[in-house]
Amino acid sequence: MKLVVILIVSLLFSCGQKSTKVSSVSPSKEVQIQRAERAFEELEREVHKPASELTLEEEKPRKEKKPHYKKYKPQLAKRESPKTKYPIVNGMPVWVSNPNYGGVLGGVGVAKKIRGKGYAEQKRLAKQIALADLAKQIEVIIKAEVTKEEINIDTHQLEYYKKKFSSYSEQEVRAMLIKNAVIEDEWIDPATGDLYLWVVIR
């Protein structure tokens, strides 16, 4: 009988004891649990309110961000004005006023800036003008007696050119110029943008 009483008392005593185990919940989970509890509490409060007091927060319309594109500005390569290696006389290379400078037979062509066209077109035009100027000088040497002052070269050079060109026809002069004339120098007037081209026969 004593044994039965001891068993019943020990059983009752073990059932009445509270568990003293420590919960091993991480801090981040505790925060989540607290947030959930607050949300449930808020829902509980909302349940007891009349329907007229219940409102939903209106979502503000989102402003669509327009893609930001940088405006493309084509950068044209800046071309430096050709610098002459010849002496400057009155603000221009010496060969502008004396195409036969240094004893060569030369011609000068001047081309203005062409709107809508580039440097290559301006140079092509200046070369054509210079070749025409050179052709005129050769025709003068062939057809008439000239003095060295008229074409600004020495007597020896003048005789040399007379012998060289005396048998040439007009067509042969042009063909010879296309084959033998070379661009000796070029210069751009910084004030006007005009291109000066010096073509010579060496």
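The values are calculated or read from the model by the stated rules, or taken from the named source; none is laboratory data. Everything quoted here is computed from the prediction, not taken from an experiment. Every residue, glycine among them, receives a Cβ derived from its backbone with ideal geometry; neighbour counts consider all protein chains shown.
The numbered conditions (1) among the basic types (Lys, Arg); (2) in a loop (DSSP other than H, G, I, E, B); (3) in contact with a helix residue (DSSP H, G or I) (Cβ under 8 Å, 6 or more places away or on another chain) are all true for LYS162 except (2).
Out of PRO99, PRO61, one residue alone is more than 37 Å from the chain's Cα centre (by Cα), part of a loop (DSSP other than H, G, I, E, B) and at pLDDT 90 or above. It is PRO99. When residues in the range 173-202 are screened for being part of a loop (DSSP other than H, G, I, E, B) and more than 13 Å from LEU134 (Cα to Cα), 6 of them pass.
One line per residue, one yes/no per condition, for (1) over 30 Å from GLU172 (Cα atoms); (2) at pLDDT 90 or above; (3) in a helix (DSSP H, G or I):
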{"residue": "GLY106", "(1), (2), (3)": "no, yes, no"}
{"residue": "GLY109", "(1), (2), (3)": "no, yes, no"}
{"residue": "ILE114", "(1), (2), (3)": "yes, no, no"}
{"residue": "LYS117", "(1), (2), (3)": "yes, no, no"}
{"residue": "ARG124", "(1), (2), (3)": "no, yes, yes"}
{"residue": "ALA130", "(1), (2), (3)": "no, yes, yes"}
{"residue": "ASP133", "(1), (2), (3)": "no, yes, yes"}
{"residue": "GLN137", "(1), (2), (3)": "no, no, yes"}
{"residue": "GLU150", "(1), (2), (3)": "no, no, yes"}
